[in-house]
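The values are calculated or read from the model by the stated rules, or taken from the named source; none is laboratory data. What you see is a predicted model, and the numbers here were worked out from it, not measured in a lab. In this analysis, Cβ positions are derived from the backbone assuming ideal geometry, glycine residues included, and neighbour counts consider all displayed protein chains. The protein model used for the area step is the full one, side chains on, heavy atoms only, and it has no ligands, DNA or RNA in it. Shrake-Rupley method; radii C 1.70, N 1.55, O 1.52, S 1.80 Å.
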Amino acid sequence: AILTGLIFGILGGALCAWFLVVRLRSGKEILTGIKRGQFYVVYQPIIDAKSLKISGVEVLMRWNHPSAGSIPPDAFIAFAEAQQLIVPLTRHLFELIARDARRLQQILPAGARLGVNLAPSHLHAPGFKEDIQAFVASLPARYFQLMFEITERDMVKANEASSLFNWMHEQGFEIAVDDFGTGHSALIYLERFRLDYLKIDRGFVNSIGLETVTSPVLDAVLTLARKLSMTTVAEGVETPEQARWLIDQGVNYLQGFYFARPLTFEQLRQWKEQPKAY
Ligand code: C2E
Ligand code: CA
Ligand code: CA
Ligand code: CA
């Protein structure tokens, strides 16, 4: 069931990306989209498994395309990468976050995490460090804890990234391995790089149901994370059973529709974490 889920997920993403390549004739549409303000961000709360309180948010990008409608990031991020436009797009993402930063500060506790997804081609682009420093300078000083998310698949490409990761730690940022379990990374990277979080892909979380109370792969991932002293975040938590099971297994943070969908700033402001009965 896990495998089928993952395969459908990957096929779905590939199909989406393919349709877009057909539809969006050139990368110019992305640049036009940036200029015309068609991109915006939403925030998905990340819940502390102990207190059940919000510990931060993951920032997710959206594209409100004038003819194609709302385009999911799984499609346009890949397209932007293919068109070598991920750097301008990510700089724009930084601007969008900076624009919200003051009001985010009013509703999120000091030290709240801001999870920001990074694409691998940006990590290696000239000017990456400068982009990050400019982004940090645009945020309220030392209020948020920045957590940069890089997918497991891209960790492999980030092969030479060890010194970059060290630099990021020196700057006080945290690094999360995103979609953990879907890549085929040599596990050796987990030991070699200093990484802070493992974000367990929702494909695994999905498999936690009433019948399948345990998944051997998920068990192994949790054991691995513990042994590497990495903090765990479970993604795609949709039911109270899944939340309960993950909390019992000692997962540190939970994220998913059960707690909150990705929310606009206004929705986030109105969202209140409620103690959930399991
Ligand atoms: P991701 O980083 O794994 O983000 C989590 C995705 O899971 C989000 O999809 C979120 O809406 C979805 N999700 C969260 N909770 C649940 C749940 O309980 N059930 C289900 N079924 N889904 C849930 P979204 O926003 O469509 O983003 C898809 C991917 O696009 C992200 O996956 C990330 O890899 C990429 N992405 C999004 N925004 C950015 C960005 O600003 N920069 C980059 N480089 N990539 C981005
Ligand atoms: Ca992510
Ligand atoms: Ca993920
Ligand atoms: Ca993903």
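Can you give me the ranges of the strands (runs of 3 or more DSSP E) entirely in region 129-209 with at least 1 residues that are of a type in the set (Gly, Ala, Ser)?
174-180
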Give the residues of region 240-268 that are touching a Leu at 6+ places or on another chain (Cβ under 9 Å) and either of a type outside the set (Val, Ile, Thr) or over 25 Å from GLU152 (Cα atoms) (or both), sorted by residue number.
GLU241, GLN242, ALA243, LEU246, GLN249, GLY250, LEU254, PHE259, ALA260, PRO262, PHE265, LEU268
With region 22-122 as the region, which strands (runs of 3 or more DSSP E) entirely inside it contain at least 2 residues that are of a type outside the set (Phe, Trp, Tyr) and closer than 27 Å to ALA161 by Cβ?
39-48, 54-65, 113-117
So, in region 173-195, exactly how many residues are more than 16 Å from ALA119 (Cα to Cα), open to solvent by less than 40 Å² (accessible area, probe 1.4 Å), away from ligand 1 (no atom under 13 Å from the Cβ) and not hydrophobic (A, V, I, L, M, F, W, C)?
2
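To keep it simple, each residue is scored yes or no on (1) within 14 Å of ligand 1 (Cβ to nearest atom); (2) at positive phi; (3) surrounded by fewer than 14 Cβ atoms within 10 Å (Cβ to Cβ).
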site: ILE97; (1), (2), (3): yes, no, no
site: LEU108; (1), (2), (3): no, no, no
site: LEU114; (1), (2), (3): yes, no, no
site: PRO120; (1), (2), (3): yes, no, no
site: ALA125; (1), (2), (3): yes, no, no
site: PHE128; (1), (2), (3): yes, no, no
site: LEU139; (1), (2), (3): no, no, no
site: ARG142; (1), (2), (3): no, yes, yes
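Looking at region 190-206, which of the residues that are farther than 15 Å from THR223 by Cβ and not charged (D, E, K, R) is farthest from ligand 3 (Cβ to nearest atom)?
Going through region 190-206, the residues farther than 15 Å from THR223 by Cβ turn out to be 192-197, 199, 201-203, 205-206.
With the extra rule that they be not charged (D, E, K, R), the set shrinks to 193, 195, 197, 203, 205-206.
On the way: PHE193: 18, LEU195: 14, TYR197: 11, GLY203: 10, VAL205: 10, ASN206: 12 Å.
Applying the filter and picking the extreme gives PHE193.
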